[in-house]
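The numbers here are math on the coordinates, done by the rules we state, and not lab data. Not measured: the values here are computed from a predicted model. So basically every Cβ, Gly included, is an ideal-geometry build from the backbone, and we count neighbours across all protein chains shown.
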Amino acid sequence: MSGSIPTEIRDRVTQLRALINDYRYHYHVLDESTMSEAAADSLKHELTQLETQYPALVTPDSPTQRVAGVALDKFTKVEHQIPMISLNDVFDQKEVEAWLARIHKLLPQDKHEFFCDIKMDGLACALVYEDGMLTQAITRGDSRVGEDVTANIRTIQNIPLKLRVDAAYARLLKGRTEIRGEIIMTKSDFAALNERQRAEDKAEFANPRNLAAGTIRQLDPKLVAARPLQFRGYDMIRGDQADIPSYDYAYAAMRALGITNNSNATTLNSLEEVMSYVHTWEEKRQSLDFNTDGLVIKINDKKIYKDLGVVGKTPRGAVAYKYAAEEATTTITDIVISIGRTGAATPVAVFNPVQIAGTTVQHASLHNADEIERLDARRGDTVIIYKAGDIIPKVQAVLKELRPKDTKPFDFKAELNRQYPELEFERLEGEVVYRVKGTNSELILMRSLEHFASKGALDIDTLGEKNVEALVNAGLVEDLADIYTLTRERLLGIDRFAAISTDKLIAAIAAKKTPPLERFLYGLGIRHVGAQTAIDLVNAFGSIETLEHATQDELLAVDGIGVVVAESIEAWFADEDNVALLTKFTELGVRPYFEKKSGSLNGKSFVVTGTLESMGRDIAADRIRALGGTFQSSVAKDTTYLVAGANTGASKRKKAEAYGTIIIDEASFLALLQA
């Protein structure tokens, strides 16, 4: 019986609750810690033991009463006293100006103050407090009728079961106070949860918003309690409107009473200030620990807000400024496989270009064979694309309801054989990726660097096979761009590098910081992109950036580019390591330049066969290209001249004769070069 409970026990329980609630307030609302989490857990454990021993001391607002109860059969429908209506969307400054013009037309005499907050991507929910005690939680539903999710909400750690006492807001602790906000899961908590899913060999969740919404609608509160959800308030409603005169007052009151809200919300006085806030957070929003697709802009004065009324189903006093979409749907046109710098084979989805978060994207990594199988991604599928951290495009899901009837599952091994018939691949036990057999990342790097420095590419003097091997073995280069980080101090003392050889190499590398774009492109080592193909691509697109975003149709429109070459180019630019490499080149001051070749050989194509006395084949190719001509490796229907040097083979002559190609000797060729 309550009368038999010692006074010191009652006092201890009261003190424990106060201290635990104070810790919760500082931790969740003020984002500061008054003690360690372990210490707080210890206090809560003591409180639990005392309440177990003295059940009469248990109260509904005790920190111990967040425990999940029994599962429900269904949720009860509840009508909102005031509808939770949605806002009109605006997408640029002109639409914000038009919104303000409509307001000034209704209230021309008012100079308005605005309240702006970052829109959290979660599940809208209303918390009802009676005399400061949490009595009900209702989802937004259809805006007029929601569902009672009180049992689930009570398990969320940052929602106070009893509002904190604060003298400045004492009247809000009497009667009915409704607090509206979003149930969210932070990015960091979501990442940690998915890490646990992977460790337990369970399916990963798609995104924080869907997981938060789906969790709240679980009938079993135990499942809700196991997930790290949070509540962030954005409005406070009282029967007497005068109790909450403005939105900035509502935010201050919520924080004082123990409700977490966004500390970046602010009051602003002009359109210029509002748009500055909009642009600031468009750039900074990735630093936030919650997902957002925009901002909410409101008239700060709640009386004016109410007087402006509602048009249709949206209030006149507020708009939602939406940033560029972070998700979009598109169709997979191809799945190509990229071989990375470690020899790993990475599948890449190529899709119709789509705008996400303000940029155009057209490919996304599918990671490995297991991920393709999990998604069951196929050519022709409609997929949802999103940007992880607004940077890297990812395939979130396949919309199988829209799948064409003739699609076939992606056969990873068969595609490796088709796309890379000259290579062998293996998948080692315990690994999820296929790799090129018989090679390693160091060997691939050496061969890539040799090619990058070769005469046909950047032609970097003294950076031959032996020096490349020495640099890689010494750990001085880990990718192609690293050669531009080499210094005299780092090289001296390494095998093969004395003072003179070191100075020569550094000077040779520095001299190639502004290479011709076609040589730079060829030097990147994109499979199937030879010297002439690089020239054709550069002439067609003019820059690496344009080539990177070229569609397959645009690539196929370039003479000499077929499906195999187009797939290879797409795969290379879809590899995150390659994109990072290009960025690194830029950061190190490497500036390839484009100069479209024009001259007397424009429109003419050449094949050189046999031995020329005056020059080697590479020099001949350079001379042809410098005058606007095309150098080909074999005779084709469009070949203009076959230059026949000494010891010319019969097969090329025969092919040239069949195509009507003009056959000339070395003297005639030299005359064309000098014309």
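Quick notes on this one:
- Derived scalar couplings ³J(HN,Hα) [region 52-62; Karplus, 6.51 cos²θ - 1.76 cosθ + 1.60; whole Hz; x for Gly, Pro]: 5, 6, 10, x, 5, 7, 5, 10, x, 8, 5
- In plain terms, the residue of Asp201, Asp61 with the fewest other Cβ atoms within 10 Å comes first and the most crowded comes last, giving Asp201, Asp61.
- Residues Met254, Met615 arranged by fewest to most Cβ contacts within 10 Å: Met615, Met254
- Take every pair of alpha-carbon atoms less than 8 Å apart whose residues are at least six positions apart; their mean separation over the length of region 441-587 yields a relative contact order of 22 percent.
- Rounded to the nearest 10 degrees, the angle from helix 93-106 to the longest Cα principal axis of the chain is 30 degrees.
- Mean separation of Cα contacts under 8 Å, 6 or more apart, over the residue count of the chain: relative contact order %: 9 percent
- In degrees, nearest ten, helix 441-453 long axis to first principal axis of the chain (Cα): 50 degrees
- Angle between the chain longest axis and helix 187-199 axis [Cα atoms, degrees, rounded to 10]: 70 degrees
- For q = 0.21, 0.22, 0.25 Å⁻¹, Debye-computed log10 I/I(0) when each Cα of region 293-379 counts as one equal scatterer: -1.01, -1.05, -1.16
- Karplus-derived 3J(HN,Hα), 6.51/-1.76/1.60, for each residue of region 115-132, Hz, glycine and proline x: 10, 10, 9, 6, 6, 7, 8, x, 10, 5, 8, 10, 9, 10, 10, 10, 6, x
- Among the chymotrypsin sites (Phe, Trp or Tyr not before Pro) in region 263-310, none is located in a DSSP loop while being surrounded by at most 15 other Cβ atoms within 10 Å of its own Cβ.
- Pairs of Cα atoms in region 384-428 fall into 5 Å distance bins, from 0 up to the last occupied one, in shares of 5, 15, 14, 13, 16, 20, 15, 2 percent.
- Directionally averaged shadow of region 327-424, computed from the convex hull of its alpha-carbon atoms, nm²: 6.6 nm²
- Cα gyration tensor shape of region 426-527, rounded if a/c is under 1.5, else prolate or oblate by comparing a/b with b/c: oblate
- Note on region 441-587: Rg/Rh from C-alpha atoms, Kirkwood Rh, equals 1.01.
- Ranked Thr59, Thr177, Thr639, criterion: other C-beta atoms within 10 Å, fewest first: Thr59, Thr639, Thr177
- Overall Cα dimensions of region 79-322, principal axis frame, Å, largest first: 61, 42, 33
- Convex hull of alpha carbon positions in region 605-674: directionally averaged projected area 4.1 nm².
- Summarising the strand pairing of the chain, around 80 percent of its internal DSSP beta bridges are antiparallel.
- Principal axis dimensions, largest first and in whole angstrom, of region 465-522 by Cα: 35, 21, 18
- Packing-based order for 521-534, 486-499, using average beta carbon neighbours within 10 Å, highest first: 521-534, 486-499
- Using C-alpha pairs below 8 Å separated by at least 6 residues, the relative contact order for region 327-424 is 26 percent.
- Top positive-direction residue, dipole computed over the chain with Cβ charges, set Thr329, Thr661, Ala453: Thr329
- Directionally averaged shadow of region 343-486, computed from the convex hull of its alpha-carbon atoms, nm²: 12.0 nm²
- Only lysines eight or more places from Lys466 in sequence, or on another chain, were considered; those with a Cα closer than 28 Å are Lys437, Lys455, Lys504, Lys512, Lys513, Lys584.
- At 1.306 mPa s and 10 °C, Stokes diffusion of the chain via Kirkwood alpha-carbon radius, µm² per second: 52 µm²/s
- Here is the list for region 529-635: GluC sites (Glu not before Pro) lying in DSSP coil, each with at most 12 other C-beta atoms within 10 angstrom of its C-beta, are Glu595, Glu613.
- Value of [θ]222 nm, deg cm²/dmol, for the chain, DSSP H segments ≥ 4, -39500 (n - 2.57) each, nearest 500: -11000 deg cm²/dmol
- Descending semi-axes in whole angstrom, ellipsoid equivalent of region 127-217, from the Cα gyration tensor: 31, 16, 10
- For a label point 7 Å along the Cα-to-beta-carbon line of Gln286, residues of region 570-593 with backbone N under 13 Å: 580
- Along the axis of the charge dipole computed for the chain (Cβ charges of +1 for Lys and Arg, -1 for Asp and Glu, origin at the Cα centre), the listed residues Leu127, Val278, Pro221 are led at the positive end by Leu127.
- Restricting the trypsin sites (Lys or Arg not before Pro) of region 91-192 to loop positions (DSSP other than H, G, I, E, B) with no more than 12 neighbouring Cβ atoms within 10 Å leaves Lys111, Lys174.
- Over every Cα atom in region 558-675, the radius of gyration and the widest Cα-Cα span, Dmax, amount to 18.0, 51 Å.
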